[in-house]
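The values are calculated or read from the model by the stated rules, or taken from the named source; none is laboratory data. Computed from a prediction, not measured in an experiment: that's the story for all the values here. When we count neighbours, we look across all protein chains shown, and the Cβ atoms used for this are built from the backbone with ideal geometry, even at glycine.
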Amino acid sequence: MGSSVNQNRVAKGMNPFRQSLRSLRQLIGCWTSLANHLTTEIVGYAGFDWLLIDGEHAPNDISTFVCQLMALKDSPSAAVVRPQCAEPIIIKRLLDIGFRDFLLPMVESADQARSLVAATRYPPDGFRGIGTAHRANRYGYATDYFDDANDGISVAVQIESLAGLKNLEEIAAVDGVDCLFVGPSDLSAALGCRGPGAVEVQRAIARVIECGRAANLSMLFGEVPFLDRFDAAATAGFRGIEFLFPYEHSVQQLVDRLGKNKLTPVLFNLPAGDWAAGERGIACQPERREEFQDGVGLALEYASALGCRQLNCLAGIPVGVSQEAAQTTLVANLKFAAAALERSNIRLLIEPINTRDVRGFFLSNSQHALAVMKEVASSNLWLQFDVYHMQVMEGDLAVSIGKNIGRISHFQIADNPGRHEPGTGEINFPFLLSVIDGLGYDGWIGCEYKPATTTMAGLKWLSEVRSPGRSASEASS
């Protein structure tokens with residue numbers, strides 16, 4: 001959100017703050033909890049992206065809310081309100097006095113989230129009561145207010161309980177939920193910890209952050225259940241597929257779907273710990289080497305049965321371990337896995353992941369990955385180059401790919417910002433893919449992105465950038 005935007009004077013349904021949320025821009029804000037319109041007005045000129053006017057833990061009521069909202073009329077900051085509780089009648093009153101951006105506390109289920117979103121929308125999209133003359137519609141002078149008011153409302157929900165964590169993915173997938181917000185103090189208490197710095201709390205926060213970046217729109221064909229995505233990918237013309245993990249499904253179920261649709265399984269990950277709890281790999285954790293080795297065995301069983309010739313190892317987030325110990329452990333585990341996979345003619349890959357999306361991830365740039373590969377010294381260890389992650393962390397994509405093409409066994413693509421399909425962001429994919437082709441790469445390119453709308457609508461980019469004979473694999477989450 002630019003500093004020249006006046007959030008209270010934006011016409012019709014436009015809401016730059018909501019657009020910024022959905023584009024995954026980093027937005028910096030400030031709490032205003034003194035319930036005083038003068039202090040709020042002063043903070044409003046400080047240049048924050050947003051200001052939170054708090055009703056849950058501050059002495060605000062409807063009269064102080066409206067005075068502070070009026071005090072921000074010339075501010076570049078979005079006025080976000082947190083009501084005393086997430087109740088439709090309170091939400092309606094705040095909408096009518098002119099708030100458009102909401103932070104709703106203690107959301108614990110998808111049904112609750114859907115109801116709260118509906119409370120911010122006029123029929124037929126919701127059940128917001130219709131008042132014909134209130135501050136939000138300029139007391140009746142804004143005659144077109146009702147035409148697209150629904151599109152101008154942003155909803156952030158707070159995840160701060162065990163129930164919220166349990167139902168996190170379902171909450172995040174609710175249409176109209178624009179942002180997940182961690183309530184660190186209540187979440188710490190719910191997890192039995194003294195404060196947000198505890199390891200368990202940080203893992204939970206990391207899980208919320210990653211879910212929020214990926215869950216409003218899943219990876220390709222997330223509109224249907226996992227096994228049905230094989231059918232959908234084949235119908236869309238894909239010849240190969242990749243996915244995070246197959247282990248929740250039987251080998252026979254997967255073999256049947258692959259055979260039915262004549263699809264090639266291109267890649268999946270070694271077991272990566274407790275994904276739901278925020279773990280993103282265990283390969284750098286010294287105390288879990290036996291678990292890692294067991295996971296290699298399980299992955300080999302699946303890969304051999306499915307005919308998958310590549311497995312990816314997620315390094316993980318080191319917890320309670322020094323960087324040196326994490327490096328030593330990772331190298332030892334990769335030596336074990338590379339040798340085990342080589343006996344079955346299966347390649348082992350490692351993937352650098354950006355630390356903006358996955359805070360603390362051990363392997364976060366291509367140079368570190370290549371240094372690890374050199375230390376492992378195995379001809380069966382390869383680099384997976386995710387264009388999105390490396391654009392975030394280092395840029396200079398064409399040069400980096402050109403230098404390292406001989407060690408790259410797989411590409412994944414998504415645009416930045418937003419991790420949506422090519423053509424939605426800053427990366428010049430027609431140029432970059434021509435560079436990759438020109439380097440003689442003949443492997444698969446995985447479409448690991450979140451469709452901006454629907455999967456099929458987002459596939460239009462393929463006809464514009466795909467070279468003759470080039471195929472892309474599909475990433476099912």
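Go through the range 345-361 residue by residue and tally those that are of a type in the set (Gly, Ala, Ser) and closer than 18 Å to residue 271 by Cα. Give the derivation first.
Looking only at the range 345-361, we keep the residues that are of a type in the set (Gly, Ala, Ser), and these are 360.
Subset that is closer than 18 Å to residue 271 by Cα: none.
So the answer is 0.
Residues of the range 60-101 being in a strand (DSSP E or B) and under 22 Å from residue 132 (Cα atoms), which ones? Talk me through it step by step, then tell me what you get.
First, the residues of the range 60-101 that are in a strand (DSSP E or B): 78-82, 101.
If the condition is that a residue be in a strand (DSSP E or B) and under 22 Å from residue 132 (Cα atoms), then 101 is the only one that fits.
Only one of the numbered conditions (1) surrounded by 18 or more Cβ atoms within 10 Å (Cβ to Cβ); (2) at pLDDT below 95 is violated by residue 48, and that is (2). Within the range 293-307, at least one residue is in contact with a strand residue (DSSP E or B) (Cβ under 6 Å, 6 or more places away or on another chain), crowded, with 16+ Cβ neighbours inside 10 Å and more than 16 Å from residue 380 (Cβ to Cβ). Residue by residue through the range 248-276, note down the ones that are aromatic (Phe, Trp, Tyr) and in a helix (DSSP H, G or I). Across the range 248-276, the qualifying residue is only 275. Filtered by the rule that a residue be buried (at least 19 other Cβ atoms within 10 Å of the Cβ) and under 22 Å from residue 312 (Cα atoms), the range 402-419 gives 408, 409, 410, 411, 412, 413, 414, 415, 419.
Among the conditions (1) buried (at least 19 other Cβ atoms within 10 Å of the Cβ); (2) farther than 19 Å from residue 244 by Cβ, the only one that residue 399 does not satisfy is (1).
Is one or more of the residues making up the range 72-80 in the same structural domain as residue 26 (by TED's automatic domain parsing), of a type in the set (Val, Ile, Thr) and surrounded by fewer than 17 Cβ atoms within 10 Å (Cβ to Cβ)? If you could, list the steps in order and put the result at the bottom.
The first filter runs over the range 72-80 and keeps only residues in the same structural domain as residue 26 (by TED's automatic domain parsing), leaving 72-80.
Keeping just the survivors that are of a type in the set (Val, Ile, Thr) gives 80.
Now narrow it down to the ones that are surrounded by fewer than 17 Cβ atoms within 10 Å (Cβ to Cβ): none.
No.
For the range 93-117, a tally of residues being surrounded by fewer than 17 Cβ atoms within 10 Å (Cβ to Cβ) and under 15 Å from residue 150 (Cβ atoms) returns 0. Scan the range 299-342 for residues that are free of Cβ contacts under 8 Å to residues at least 12 places away in the same chain and of a type in the set (Gly, Ala, Ser) and report the count. Adding up the residues that qualify gives 1. Within the range 148-204, the set of residues being part of a strand (DSSP E or B) and of a type outside the set (Ser, Thr, Tyr) comprises 155, 156, 157, 158, 159, 179, 180, 181, 182.
Only residues that are in a loop (DSSP other than H, G, I, E, B) and among the hydrophobic types (A, V, I, L, M, F, W, C) were counted across the range 377-387, and they come to 1.
Could you grab me the full set of residues in the range 284-323 that are of a type in the set (Asp, Glu) and over 27 Å from residue 264 (Cα atoms)? Don't jump to the end; show me each part of the working.
At the first step, the residues of the range 284-323 found to be of a type in the set (Asp, Glu) are 287, 290-291, 294, 301.
Result: 287, 290, 291.
Applying the condition of being among the small types (Gly, Ala, Ser) and under 27 Å from the mean Cα position of the chain (by Cα) to the range 304-320 and asking which residue is modelled with the lowest pLDDT yields 320.
Could you say which residue among 142, 190, 156 is loosely packed, with under 15 Cβ neighbours inside 10 Å and aliphatic (A, V, I, L, M)? Give the steps one after another, and end with the answer.
Values: 190 fails: loosely packed, with under 15 Cβ neighbours inside 10 Å; 156 fails: loosely packed, with under 15 Cβ neighbours inside 10 Å.
Answer to the selection: 142.
Against the definition (of a type in the set (D, E, K, R), crowded, with 18+ Cβ neighbours inside 10 Å, closer than 23 Å to residue 268 by Cα and at pLDDT below 85), how does residue 474 come out, yes or no?
On the way: of a type in the set (D, E, K, R): yes; crowded, with 18+ Cβ neighbours inside 10 Å: yes; closer than 23 Å to residue 268 by Cα: yes; at pLDDT below 85: yes.
Taking the combined requirement at face value, the residue satisfies it.
Residue 125: part of a helix (DSSP H, G or I), assigned by TED's automatic domain parsing to the domain that holds residue 100 and closer than 30 Å to residue 73 by Cβ, yes or no? Judged against the criteria, residue 125 is not a match.
Being in contact with a helix residue (DSSP H, G or I) (Cβ under 6 Å, 6 or more places away or on another chain), more than 30 Å from residue 262 (Cα to Cα), assigned by TED's automatic domain parsing to the domain that holds residue 268 and not polar (S, T, N, Q) is true for just one of 340, 369, 398, 332. Which residue is that?
Working: 340 fails: more than 30 Å from residue 262 (Cα to Cα); 369 fails: in contact with a helix residue (DSSP H, G or I) (Cβ under 6 Å, 6 or more places away or on another chain); 332 fails: in contact with a helix residue (DSSP H, G or I) (Cβ under 6 Å, 6 or more places away or on another chain).
After ruling out the rest, the residue left standing is 398.
Going through 178, 148 one at a time, which residue ends up being acidic (Asp, Glu) and either within 24 Å of residue 28 (Cα to Cα) or buried (at least 19 other Cβ atoms within 10 Å of the Cβ) (or both)? Walk me through it before giving the result.
Details: 148 fails: either within 24 Å of residue 28 (Cα to Cα) or buried (at least 19 other Cβ atoms within 10 Å of the Cβ) (or both).
Residue meeting the stated conditions: 178.
Would you confirm whether any residue within the range 20-28 is in a loop (DSSP other than H, G, I, E, B), at pLDDT 75 or above, more than 25 Å from residue 425 (Cα to Cα) and assigned by TED's automatic domain parsing to the domain that holds residue 82? Checked against the condition, which is being in a loop (DSSP other than H, G, I, E, B), at pLDDT 75 or above, more than 25 Å from residue 425 (Cα to Cα) and assigned by TED's automatic domain parsing to the domain that holds residue 82, the range 20-28 yields no hits at all.
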